[in-house]
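Shown next, in structure tokens, is the structure this report addresses.
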Amino acid sequence: MTNFQLPLTIKETQEGLIGKKFSAVELIDSYLTRINKYNKKLNIFLTVTQEVAYTQAKKADRLICDYGNKAFADYPLLGVTVAHKDLFLTKGVRTTAGSKVLESYIPPYSATVVEKLEKAGCIVLGKTNCDAWAHGSSGENSDYGPTKNPWHKEYVPGGSSSGSGAALAANFSLIATGTDTCGSIRLPANYSYSYGLKPTYGAVSRYGVVAMASSLDTVGHLGRCAEDMEKVFQITKGADFKDSTLAERKKESPKARIRIGIPGDFFANGVDGEINKNIQRAIEIFKKAGIEFREISLPYTKYAISVYYIIQPAEVSSNLSRYDGIRYGESRNLFGEEAKRRIMLGTYVLSSGYYDAYYLKAMKVRSKIIDDLNKVFDQVDAIIAPVAPTPPFKIGEKVDDPLKMYLTDIFAATANLSGTPALAVPFGFSKEKLPLGFQLMGSRFSEYTLFALAKLFEEAAGYKAKVANL
Amino acid sequence: MAKLSKTDVERVAKLAKLTLTAGETDKFQKQLAKIVDYISQLEEVETSDLRPTSQTTGLENVLRVDEIKPSNCLSQDGYFVVDAVLINK
């Protein structure tokens, strides 16, 4: 095998391919060697799609050989390796949703996003571990065992897209897909020193992705720089006439002067000191780059987790009712503890006598939270906030206390309840050398403003993509 | 709001077609009671003049043209023929 370092960005990958530093097949050799060596220890991939990867890599090599640089015009993501969260249906490749109920399920079709990425030239390396049915914030609810954080194996990688975040930290793939119902992309991105995009509800198709809570679920991705995040979004977004919640929007250019809001309510509520200080540092960097800041107030977001833990389980109980052991996979007895908890909680808040007190009430407070946010976006173009209240925590630390685990997502919930986009940005490390960062939240369909802000920040902070030493 | 009881857990499990062991019922009762206790904080919010939000897109009745596509047609002798879905065990 030739000797080269695995590229960390799309640009490095495509320059390497065109400059003959490596071929796509050699790239796959290199990734697979790494995966075969470390995957057992880290539990990142549930399925490695070696055969598919080599077929796609050979095609990429042929295209580059025949068309040179022009190949990238028709295939903007040519040679880009991707790891799909095991919630995304992949034709002919087992898809488990992290649950034993679907242990033997082989989908007859692929999710829209899987198809779009393949058409754009991506190479699929495999399917990543996740909390079963995407229920969790740590990866520990997977029926296939927890994923370890490559930065420190005693810590969680964040969930529920646990394997997708860890795949980037371990340098098992260039990009990864994920789903975000309440932080499930942003948290693993944040805990793995990657970018994670939770797009606007209605921007990216969810067709062929196992449903969790349908009014909150979004499909996004993880990558290692702002430019890559934008390049992938450019491919994944847009109507497919299969997911009827999608709206086509013209690309809106960000304003010349961007103003960011600092939500005092978020920082007042038990944010870890190190995270707080780190975000203050980020704010100073933004200020030096000419960004204006303003204090804002989101008083009703303190109810976000309560609203979320009524609406989400209600929708979960409905979505998981289709797993009756007849149409898909195994019997309901194979649901893990967390799935059972959420099905029961959802059934409870929807049941006769409780519907008005919980479900209807939560839907009304949701309106209040959205109203809060709309008012704020009249004054500012984006909001800076922590992704989670603490840096990565230890495996086992929160497993016996579901409520404590749920509160991990206290800062994530607002974007999902309001259907607005948010981008997790990596920045700095804790004293324990664990990844830190923040999220930039925007108004509906303002993804390009978030990318522009992240690019400006990369430049100002001297950001460099990093992966863990294994 | 009344505290979530063991009977509630058993009733809800039955409604959701879940079979619980005695140990699970006890464990879930404690955990779910704590969660229900937390989410009951919504009682303090005044919501009488608010409309409920069930979706955030604002879209209504999204329709597409009803075209006949080969992939949506009966493929063989009046049946849909597809590959086996559950094969590996």
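Below, the figures for the structure above:
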read-out	value
Options A:Thr147, A:Thr95, A:Thr128: the member that is open to solvent by less than 10 Å² (accessible area, probe 1.4 Å), over 19 Å from A:Glu51 (Cα atoms) and modelled with pLDDT of 95 or more	A:Thr147
Any hit, the stretch B:48-64, residues being in a helix (DSSP H, G or I) and more than 9 Å from every other protein chain (Cβ to nearest Cβ)	no
Total residues in the stretch A:438-465, condition of a type in the set (Gly, Ala, Ser) and on the phi > 0 side of the Ramachandran plot	1
Some residue of the stretch B:35-47 being surrounded by 16 or more Cβ atoms within 10 Å (Cβ to Cβ), under 17 Å from A:Glu338 (Cβ atoms) and either among the charged types (D, E, K, R) or at the interface with chain A (Cβ under 7 Å from one of its Cβ atoms) (or both)	yes
Where B:Asp77 falls short, out of the listed (1) facing chain A (nearest Cβ under 9 Å); (2) open to solvent by 50 Å² or more (accessible area, probe 1.4 Å); (3) not basic (Lys, Arg)	(1)
First in the stretch A:302-313 and at the interface with another protein chain (Cβ under 7 Å from one of its Cβ atoms) and under 17 Å from A:Pro402 (Cβ atoms), second anywhere and open to solvent by 10 Å² or more (accessible area, probe 1.4 Å) and not small (Gly, Ala, Ser), Cβ under 8 Å, 6 or more apart	A:Ser306/B:Tyr38; A:Ser306/B:Gln41; A:Tyr309/B:Tyr38; A:Ile310/A:Tyr359; A:Ile310/A:Lys361
Single unsatisfied condition, A:Ala239 versus (1) of a type outside the set (D, E, K, R); (2) touching a strand residue (DSSP E or B) at 6+ places or on another chain (Cβ under 9 Å); (3) within 14 Å of chain B (Cβ to nearest Cβ)	(2)
Tally, over the stretch A:437-456, of residues that are under 23 Å from A:Asp409 (Cα atoms) and open to solvent by 10 Å² or more (accessible area, probe 1.4 Å)	4
In the stretch B:18-47, residue farthest from A:Thr200 (Cα to Cα) [restricted to those that are under 23 Å from the mean Cα position of the chain (by Cα) and part of a loop (DSSP other than H, G, I, E, B)]	B:Thr21
Identity of the residue in the stretch B:13-34, basic (Lys, Arg) and over 20 Å from A:Ser352 (Cβ atoms), that ends up farthest from the other protein chains (Cβ to nearest Cβ)	B:Lys30
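Conditions tested, residue by residue: (1) farther than 24 Å from A:Lys302 by Cα; (2) surrounded by 24 or more Cβ atoms within 10 Å (Cβ to Cβ).
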site: A:Gly196; (1), (2): no, yes
site: A:Val204; (1), (2): yes, yes
site: A:Gly208; (1), (2): yes, no
site: A:Thr236; (1), (2): yes, no
site: A:Phe241; (1), (2): yes, no
site: A:Ala247; (1), (2): yes, no
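Conditions tested, residue by residue: (1) in a helix (DSSP H, G or I); (2) in contact (Cβ under 8 Å) with a residue 60 or more places away in the chain.
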| position | (1), (2) |
| --- | --- |
| A:Glu26 | yes, no |
| A:Arg34 | yes, yes |
| A:Leu46 | no, yes |
| A:Ala53 | yes, yes |
| A:Gln56 | yes, yes |
| A:Arg62 | yes, no |
| A:Tyr67 | yes, no |
| A:Pro76 | no, yes |
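The values are calculated or read from the model by the stated rules, or taken from the named source; none is laboratory data. It should be emphasised that the depicted structure is a prediction, and the values quoted were computed from it without experimental measurement. Positions of Cβ are backbone-derived with ideal geometry, glycine not excepted, and every protein chain shown enters the neighbour counts. Heavy atoms of the whole protein, side chains included, go into the accessibility calculation; ligands, DNA and RNA do not. Shrake-Rupley method; radii C 1.70, N 1.55, O 1.52, S 1.80 Å.
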